[in-house]
Each structure stands twice: as C-alpha cells, then as structure tokens.
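The values are calculated or read from the model by the stated rules, or taken from the named source; none is laboratory data. Nothing here was measured: the structure is a model prediction, and the numbers come from that model. We place every Cβ from the backbone using ideal geometry, glycine too, and count neighbours over all the protein chains shown. Ligands, DNA and RNA are excluded from the accessible area calculation, which covers all protein heavy atoms including side chains. Shrake-Rupley method; radii C 1.70, N 1.55, O 1.52, S 1.80 Å.
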Amino acid sequence: MFIGREVEMERLRRMVESPKQRKDLHRLFLYEGMQLGLIYGRRRVGKSELIKQFLKTSKIQGLYYQCKRTTEMNNVQSLSALISEVYQYPPLAFTDMEKLLDFLFQQACRTRQVLVLVLDEYPYLRQTVPGLDSILQSLIDSYRERSQLKLILCGSFVDTMKSLMLEENPLYGRVTLSLHIHPMDYFESAAFYPDFSPADKVRLYSVFGGVPYYNRLIDSTRSVRENVMNLLVEPDARLENEVQMYLLGELSRFINANEAFEALARGFHRFKDILSQSHITSSSALAEVLKRLILMELVKKEAPINDRNNKKKASYFISDNLSSFYYRYLFPYSSQRQIMAPDTFWDRYIAHDFSETFVPKQFETLCRQFLIRQNRKGRLPEIFDAIGTYSYDLPEEHRNGEFDVVTHDDKGYIFYEAKFRKTPVTDAMIQTEIRQVQQTGMNCHRYGFFSRSGYQVTPRPGVILYTLEDLYSNG
C-alpha cells in the first residue's frame, strides 16, 4: 500500500496528463507539449516509489530507467534494452546517449501520444555522459513545440539537482516542475503504524522519523522497544549500518562528519561548542562539514525567531531522527555493544535517557509540526508568520536562554511548552511556566501546552491545552 504524498502526486499529474484526461480545459495551453520535471530529495525519502506509483496509476505510457554509475555505453545498452522490452521493438543499437534520447523525443512526435521518460539517479548518468545537461537543453529546444515527451529527472544529490535550475546551467528556464521531496511529518508517518498508541507513535517517530523506507520496516506485532532493538540495536540489525553507509556514499571527509554528529547528539549546538567538542582541526573544516550535512538534509541550522540576523545565536541540530538515535546511543558505545547482550546494552545505555530525555526532546519537534499543520489549515485563533526558538537575555540576573517552541503573529508571541511525562500537567506547573516567560519580558499574548498524560487544571482564558489525541486526530 502506498501511503501519503497526495500533493506531490497531484502535481505530477498536472504536469503529465493532458487537459482532456484531466477534464481541466483552462489548463489547455499550460500543460501541452514537452515538459521537464525535477524530483529530488535525500536518500530513502521515497522519490522512486512516488514515481513508480504515479506510473502505475497513470494511463500514460512510461519508461522508468535507473541510471547506473558505469560507462555511457553500458547505460545506452541498458536503456535501449528497456525500450525494446516495453514497446516490443526489435533490438536497438545507438552509438551514444544523445542519439538514444533524440530517438525518444522523435517517438513522442510521431505517435502524437504522451510519453513519460524517467531518468532516476540522473547525477550518475550526468557524470558518465559529458555535457549531458547541454544535450538535453538542445533536444528540449528543438522538440519543444512538436514532442509530447514528459521528461523527469530524479536524484538524491540535492545540491546537484538544484544546480540544474541555476542561471549558469544549460537547463535554466526549461524546468516546468520542481518537486523537493522531504521526509514526512509525524502525522503522515503514523499511517505506517496505525495500531500503536499515540504515545508509542511519538516514540517511533522519535527514532525512525519521516523516512518511508524505515517506517515500512516497523512490525505492528512488536513493541516500540522490540522494533528498535530488532532494526537498530541487535547484531546485524537491518538498519545497523544505514547511517554510516549513507555518509560513506556522499562524504569524503567521513571522520569529520562523525565528529560533528557526535557533538550534536550530545547536545552541543552552537558552532564554537561543536568545534571545541568535535576535535575538528579548524573552523573552516567544520563549516564545510556542516554545510555538506545541511545539503544532505541530515542537519539543519536555526536562528531564534526574535534575532534572525545574530550569527552567534544560530544553532545546528540533527534533523534526521535515525542519525540522532545512532550517534547518541550506538556510535559512542560501539565497543560495548559488540560484547554485551542486546537487552543488557539497552537497559544500561539507552532505556533511561531514551525515556527521560531523547523522546521528550523529539516531542517538541512533533508539536511544532502539529502547529504548522493547524496553521496551514487556518485552524488557529491567530495565523502565525514564524515558528521556532525565542532567545532571551537577562543581564541583571546573569542569565540567558531559549524557549523551544514559540510562534509569532500580528498580536505578538505565543509560548508553548511540550511535556512528555507520566504525570498530568497541573495549575502550578502552568503558572510556573507563565511566570518564567513573563520574567523575560517577551510580549506573549497566549500560552499553549502539550501534555502526554493530560491535565489536572482549571480552564483559564489565554491558555490552550493540547493532548496527544489532539495531535493524531486533528492533523
């Protein structure tokens, strides 16, 4: 069963299907003729599955080719064999990729039928065929008014795919659809494990995040602990080497990446702290590693919403949940893991911190995602224009810090506190949080709370109370 990606699927249909098929006559001139689409996103995020599902459900004839990191002629022969198989042609022979692509552009002219050609992992083919971007630009310009070919280029190297849209690239101005496929949020991910309780859904998302490949491996007959043990902690676990293999495939400075990740996983988020804790030799080397990890969508950089331009207050966070779990629990204790029973290892190095620190911190991310979903659907009393951390300084008290979940709207700020704890939130807890916020001088016109275990409070104006059930029923 294919889960989610309704918006992306609809955008693909708009690009590929003709107005007659869509019964959408006002798009008559917009979608006819040659089209070029780019689909990109980090590895395992579900790009290929999205395309395959689209081709499976569409009435348009499609060619899906997985580019290989081999020679040009090897790719030419493989794609030629695929064309012969799909269209029942006799064996085809082309001397290079340009002639093969020209043949396909011509075919979409002769038949007057729409043809979809997908070149998945396009950066591999681009590396082996010199000037491939220019070749495609020439073909697109030559056949734009005649061919019904819909060409889709897909790739996991995000920076490479984005470069195809830059002004200096031959394909600049020719891309009619750009789809950046991101990991799913907590609500979409929960569709992979619907039988778990809301609390366990939070725990599962905290580890496996929004990557469909990981979430498909979750076994609904096992507990959260059993799933994490089976997929990550036990010897030869299915995802044991997932993070390391991804980094090896895309980063040459692998040691520096490990150093940066470990510092981030231990809670060091400012650049100077990461540098001092990671043993990376220079700030320029760290800057390069962080830049690369951000492009790989494994790390994100954030600044407080009330001090966006202050570089000193910018923070870095691991944005991939599986990487965060790996570098917090598995990478630092790899030697112990090799000589201990999995259950013993879990109880000694994971269980308490996972329950008391790791999941509660990830819960804040879920709450942000919930608020963004509500904001987009217009369900909040005030539509906010920013969400993130809020930085404060109290010089007289020699104290500074950040609030983790704050939104800004026309009336000011709304402060939110996320409590993933076993006991209900009480009036005293709410009053303490409000008092702390007021002491910072933040212009806060409303307060919100998220509680795993409910509330023992007296309702009061200006205070919003959310439960786990709200997160999973009103997404």
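Could I have the simple spin-label model distance between H352 and Q431, label points 7 Å from Cα toward Cβ, reported in nm to one decimal?
If labels sit at H352 and Q431, their model points lie 3.3 nm apart.
Any idea what the relative contact order of the chain is, in percent, if you count C-alpha pairs under 8 Å spaced at least 6 apart?
With pairs under 8 Å counted, the relative contact order is 11 percent.
Leaving out ligands and nucleic acids, and using a 1.4 Å probe, what accessible area per residue does region 244-318 come to in Å²?
52
Which entries in K162/K419; K313/K419; K47/K377; K377/K422; K313/K377 show an alpha-carbon gap greater than 29 Å?
K162/K419; K377/K422; K313/K377
How much net charge surrounds F370 when only the other residues with a Cβ under 9 Å from the Cβ of F370 are counted, with Lys and Arg +1 and Asp and Glu -1?
Taking every Cβ under 9 Å from that of F370, the sum is 0.
Roughly what would the spin-label model give for Y213 and E396, points 7 Å off Cα along C-beta, in nm?
5.5
Can you return the lysines within cross-link range of K311? Criterion is Cα-Cα under 23 Å, with same-chain partners fewer than 8 residues away left out.
Leaving aside lysines fewer than 8 places away in the same chain, those within reach of K311 are K272, K291, K300, K301.
In the chain, with Lys and Arg counted as +1 and Asp and Glu as -1 at Cβ, which of these residues, F415, M245, M15, has the Cα nearest the positive end of the dipole, that is, farthest along it?
M15
Hey, what D do you get for the chain in µm²/s if you plug the Kirkwood alpha-carbon radius into Stokes-Einstein at 37 °C and 0.692 mPa s?
Translational diffusion coefficient: 130 µm²/s.
Could you tell me whether region 33-95 comes out rounded, prolate or oblate from its Cα gyration tensor? Rule is a ≥ b ≥ c as square roots of the eigenvalues, rounded for a/c under 1.5, then prolate if a/b exceeds b/c, otherwise oblate.
oblate
What is the sum of charges, Lys and Arg at +1 and Asp and Glu at -1, for the other residues whose Cβ falls under 14 Å from the Cβ of S473?
Local charge sum for S473: +2.
How big is region 277-332 on each of its three principal axes, counting only the C-alpha atoms and giving the largest first in Å?
Over region 277-332, Cα extents along the principal axes are 35, 26, 21 Å.
On the accessible surface of region 105-144, probed at 1.4 Å, how many percent belong to carbon and sulfur atoms?
41
Using the Cα atoms of region 319-401, I'd like the radius of gyration and the largest Cα-Cα distance, Dmax, both in angstrom.
Both quantities, over Cα of region 319-401: 18.9, 55 Å.
Say each of S138 and R11 gets a label point 7 Å from the Cα, pointing the same way as Cα to Cβ; how far apart are those two points in nm?
The two pseudo-label positions are separated by 3.1 nm.
Taking 0.36 nm per residue of sequence separation and subtracting the Cα-Cα distance, how much length would be gained by fully extending the chain between T71 and K99, in nm to one decimal?
8.5 nm
With charges set only on the Cβ (+1 for Lys and Arg, -1 for Asp and Glu), what does the dipole of region 211-328 come to about its Cα centre, in debye to the nearest 20?
Computed about the Cα centre, the dipole is about 660 debye.
Do any chymotrypsin sites (Phe, Trp or Tyr not before Pro) in region 92-182 lie in a DSSP loop with no more than 16 other beta carbon atoms within 10 Å, and if so, which?
In loop regions of region 92-182 (DSSP not H, G, I, E or B), the sparsely surrounded chymotrypsin sites (Phe, Trp or Tyr not before Pro) are Y172.
Do the sum for the chain: with -39,500 (n - 2.57) for every DSSP H run of n ≥ 4, divided by all residues, what is the mean residue ellipticity at 222 nm, to the nearest 500 deg cm²/dmol?
The per-residue figure over the chain is -12000 deg cm²/dmol.
How high is the FRET efficiency between T221 and S453 when r is their beta carbon distance and R₀ equals 22 Å, given to the nearest 0.05?
0.25
Rolling a 1.4 angstrom probe over the protein heavy atoms, how many square angstrom per residue are accessible across region 369-442?
53
Compute the acute angle (0 to 90°) between the alpha-carbon long axis of helix 6-16 and the principal axis of greatest extent of the alpha-carbon atoms of the chain; round to the nearest 10°.
Orientation of helix 6-16: about 20 degrees from the principal axis.
Provide the net charge surrounding I383, with neighbours chosen by a C-beta distance below 12 Å and charges set as Lys +1, Arg +1, Asp -1, Glu -1.
0
Solvent-accessible area per residue for region 127-169 at a 1.4 Å probe radius, Å²?
42
Take the alpha-carbon centre of region 123-170, take the same for region 44-110, and report the distance between them in whole Å.
Computed from Cα coordinates, the inter-centre distance equals 15 Å.
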